[in-house]
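What follows is a single structure, written as structure tokens, with notes after it.
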Number of protein chains: 2
Amino acid sequence: MAAFQFKQDSAGCVDTPGFAAAGVHCDVRGTADGRLDLALVISEEPCTLAAVFTRNRVAAAPVRLGRQTLAAATFVRGFAANSGNANACTGPEGMQDALKMRELAARAAGCRPEEILVCSTGRIGRRLPLDKMEKGFALAGEQIENSTEAGVRAADAILTSDTRRKVCSVRVETSPGFVHISGMAKGAGMIEPNMATMLGFICTDAKVEPPDLQAVLAESVDASFNAVTVDGDESTNDTVLLLANGTSGIPLAPGSGDWNAFKSALQAVCQDLAKKIVGDGEKITKVVELRIEGAATESDARKAARAVANSLLVKSSWYGCDPNWGRIMDALGYSGADLSEETVSLWYEDSHGEQRLPVYARGRILDEHLDGWKAIVAAPRFRIIADLGSGSAAYRMWSTDLTEGYVNFNKSE
Amino acid sequence: MAAFQFKQDSAGCVDTPGFAAAGVHCDVRGTADGRLDLALVISEEPCTLAAVFTRNRVAAAPVRLGRQTLAAATFVRGFAANSGNANACTGPEGMQDALKMRELAARAAGCRPEEILVCSTGRIGRRLPLDKMEKGFALAGEQIENSTEAGVRAADAILTSDTRRKVCSVRVETSPGFVHISGMAKGAGMIEPNMATMLGFICTDAKVEPPDLQAVLAESVDASFNAVTVDGDESTNDTVLLLANGTSGIPLAPGSGDWNAFKSALQAVCQDLAKKIVGDGEKITKVVELRIEGAATESDARKAARAVANSLLVKSSWYGCDPNWGRIMDALGYSGADLSEETVSLWYEDSHGEQRLPVYARGRILDEHLDGWKAIVAAPRFRIIADLGSGSAAYRMWSTDLTEGYVNFNKSE
């Protein structure tokens, strides 16, 4: 029996007891289109915090501020996020603006600025419209509540070129009782902003010490948000936050069955949100799971997965439903992973795992299965398994095809 | 005064005295389209050899055989190359086929197999049609000669999805007299083959010892063939050969002005061929020169150039004539090079170097020049200069835009 259950019709952060949310329109984009563009999520009780930020060296002001908060904070109360403006490449003024945004959010939440994290996503190189955001935060402060509608509005407010809301909620069974994990994300779309910012916000009512929370988040992000790619670009603003408010009264720490259940559930939430992100990639038609096995090291497995996942030739062939395994071999070959054409084996597999067809086995091409390969890669979801034949390390990633629509969509901002 | 001169209407390899060529049709593709698909280039005199091969770990059989030849040979007589079939991922039979191809070429040339290099480009995962190639080599042996027509036919026979022949010839002035460097290449197209194989064949009548020849070729390739990218994929078959037959009677070695002239000329030939390759990239509309300056190390400069050159978002924006500098900053940021948004400066420059407009200066956006940026990036050729502000190392690369046509062209083989 699974130790956790997904909730139907998730409302995002508010599905975790003790968290309230608001999503408002304050015209960050300056297009007066009425879109929700400012989210505020606040816990009644102080929370422990974990966070994973972009490794991009050109980090937006809110990311740099968030790193300071993570380093300094024992407890936080919540976060605010806007869409429509990334507050990136905005110089020293950008940091002043992020600090001001934090102040406005804290005023709306009735807490200290140091207890708030701020995130921004959208166009880079422009100052935040703080006058408008001041009004937006005042409104959010009035509207904030623990309700389905409020949770959904917050989840909508962080979207940019996403076509769908991304929320997920689970209930985890532990020996003292249930704890909750729920959250929202925005995806790897990038038309309105200049880049593919990925944001994830996860709330739990478990009681977890900061170092444990950070470790479990880092591990979950690695197997989820870090394992999806639409175009290989890592943005200036990528952020995943995890806030634990302890409202359940259930303390969890490594070394117990309850912790393992919590860890599995958190990873499931992160993977669900990450798959929603990749499935909503810009103008894609396919999501392909890449399983690398038999790698000499985990680093090799990652390199191999990433090379295939980001190859323009491979991604173009997926779009064309073409079982072009030669391009996969080529990408594996230049990935830097330890392998040769005489060690690698490849399979195509349908998304249900019902049919797995061999493609290439250590120098031997099995093209008697060509028609079967074609049937598998014609589907909108399928799997490629590559055994590098060099060891026992493995890694799994999800990627998308590359379409003419993507290029057209991104040729101008 | 330049110590070397480009020849108008190059005929490729045959412009170097002592080299004869042939280009024939033997239906390697099996489509009976009459296309030239087999080239043979032979020197009257034995040649010293230098070669640079793909670093892809999935290396085609002819590449692996070529490495053996390079390691063992003191002198070679020439090379044979076919288009239409890459002889890659073909297992042990592939190596047998490469050896057989070498035998056929040697028979046509009247020399020993060990004195011949073979190269293949085209579809991977299929056996070479050696019966047809045997007839092709017999014909090539009859037709081989030092003539413009033969040189041009050889240059055409190595093309795959290239739309233009790629040849280059120079005459180098040294104190004892003239030496010649000439060659041919095929490019980064990939529709018919499964990948973007790049081949370069360069002949000279200078007399150069193997270690010096290898060193000067490696350096030239690094600043030319290795500095161009259409889609970032490094193929299983990439090969650049340099054969020096000494027919001029002029010995050249490092440490003299004549050597420096030779070295400059070789680099110019390699860059000319490399630019012809990138300019003929599949369905491209723009060639963009990237100059990275102020990097902490040369490795950093390369990483930064490569990240920008291969970013789908950056390349899509070039296609749209959009001066989307934020995407460049993003790519620089995730390149791994030492930099931050407060150290980087960016410029757009027209291809003649007549107008250089600042874009971003260490945190400050200079968008008063927006109209000027737009005019520059609307041209089919322009330059981006990025000063990382972290040191004094530099690197230069050439890349292309990413177009809907590329995706459509590559969605199936």
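The values are calculated or read from the model by the stated rules, or taken from the named source; none is laboratory data. Keep in mind it's a predicted model, so treat the numbers as computed, not measured. Cβ: placed from backbone, ideal geometry, glycine included. Neighbour counts: every protein chain shown. For accessibility, only protein heavy atoms count, side chains too; no ligands or nucleic acids. Shrake-Rupley method; radii C 1.70, N 1.55, O 1.52, S 1.80 Å.
Just a few scattered comments:
- Acute angle (nearest 10 degrees) that the helix A:210-222 long axis makes with the longest principal axis of chain A, alpha-carbon atoms: 40
- Translational diffusion coefficient (Stokes-Einstein; Kirkwood radius from C-alpha pairs) of region A:304-378 at 10 °C, 1.306 mPa s, in µm²/s: 125
- Sorted shortest first, the separations between the B:GLU354 label point and its copies elsewhere in the assembly read 6.6 nm; each point sits 7 Å from Cα along the Cα-to-Cβ line.
- Residues of region B:86-124 whose accessible area, computed with a 1.4 Å probe over protein heavy atoms, drops by at least 50 Å² once all protein chains are present relative to their chain alone are B:CYS89.
- Axis-proximal residue of chain A for the rotation onto chain B, reported as residue and distance in whole Å: A:GLU404, 2, based on Cβ position.
- Inter-chain shielding of A:329-340 (mean C-beta neighbours from other protein chains, 10 Å cut-off): 6
- When its C-alpha radius of gyration is set against 2.2 N^0.38 Å (N residues), region B:8-72 gives a value of 1.42.
- Pair-distance profile P(r), taking every C-alpha pair of chain B, with 20 angstrom steps and integer %: 28, 53, 19, 0
- Cβ charges +1 (Lys, Arg) and -1 (Asp, Glu), total dipole of region A:260-413, debye: 400
- Each stretch of four or more DSSP H residues adds -39500 (n - 2.57); spread over every residue of chain A, this sum gives -10500 deg cm²/dmol at 222 nm.
- Rounded to the nearest 20, the Cβ-based charge dipole of the protein assembly as shown about its Cα centre (Lys and Arg +1, Asp and Glu -1) stands at 140 debye.
- Net charge dipole, region B:151-292: roughly 440 debye, given to the nearest 20, about the Cα centre with Cβ charges of +1 for Lys and Arg and -1 for Asp and Glu.
- Helix A:325-334 vs. chain A, principal-axis angle (Cα, 0 to 90°, nearest 10): 70
- Spatial extent of region B:267-413: Rg and Dmax, with the Cα atoms as the point set, Å: 14.9, 46
- Over chain B, accessible surface divided per residue gives 34 Å², non-protein components excluded, 1.4 Å probe.
- Hydrodynamic radius by Kirkwood, which averages 1/r over all alpha carbon pairs of region B:271-332, in angstrom: 12.7
- Carbon + sulfur, % of accessible area of the protein assembly as shown - ligands and nucleic acids excluded, 1.4 Å: 48
- Protection proxy ranking, highest mean first, for peptides A:200-210, B:203-213: A:200-210, B:203-213, where packing is the per-residue count of other beta-carbon atoms within 10 Å, averaged.
- Each distinct pair of alpha carbons in region A:112-231 adds a 1/r term; the inverse of their mean, the Kirkwood radius, is 16.8 Å.
- The orientation-averaged projection of the convex hull spanning the C-alpha atoms of region B:215-267 amounts to 4.6 square nanometres.
- Between chain A and chain B, the total buried accessible area stands at approximately 4700 Å², from heavy atoms with a 1.4 Å probe.
- Working from the Cα coordinates of the protein assembly as shown, the gyration tensor eigenvalues give, after taking √(5λ), semi-axes of 55, 30, 20 Å in decreasing order.
- Distances in nm from B:GLU149 to the matching label points in the other copies, shortest first (labels 7 Å along Cα to Cβ): 8.6
- When the other protein chains are added to the chain by itself, burial of at least 30 square angstrom of heavy-atom accessible area (probe 1.4 Å, ligands and nucleic acids ignored) affects these residues of region A:354-374: A:GLY363, A:ILE365.
- In degrees, nearest ten, helix B:257-279 long axis to first principal axis of chain B (Cα): 80
- Pairwise centroid distance, computed over Cα atoms, of region B:244-273 with region A:337-413, Å: 46
- Here is the tail figure for region A:356-412: Cα pairs spaced more than 14 Å apart come to 69 percent of all pairs.
- Among the chymotrypsin sites (Phe, Trp or Tyr not before Pro) in region B:284-335, none is located in a DSSP loop while being surrounded by at most 16 other Cβ atoms within 10 Å of its own Cβ.
- Other protein chain C-beta atoms within 10 Å of residue C-beta, averaged over B:311-324: 6.
- As an equivalent ellipsoid, region B:193-292 spans semi-axes of 28, 15, 11 angstrom, where each value is the square root of five times an eigenvalue of the C-alpha gyration tensor, largest first.
- Estimated vicinal HN-Hα couplings, Hz - region B:103-112 in sequence order (Karplus 6.51, -1.76, 1.60; Gly, Pro = x): 4, 4, 5, 5, 4, 5, 8, x, 9, 7
- Take B:GLN8, push a point 7 Å out from Cα through the beta-carbon direction, and compare it with the same point in every other copy: 8.0 nm, smallest first.
- Cα-based convex hull, region A:1-114, per residue volume (Å³, whole number): 151
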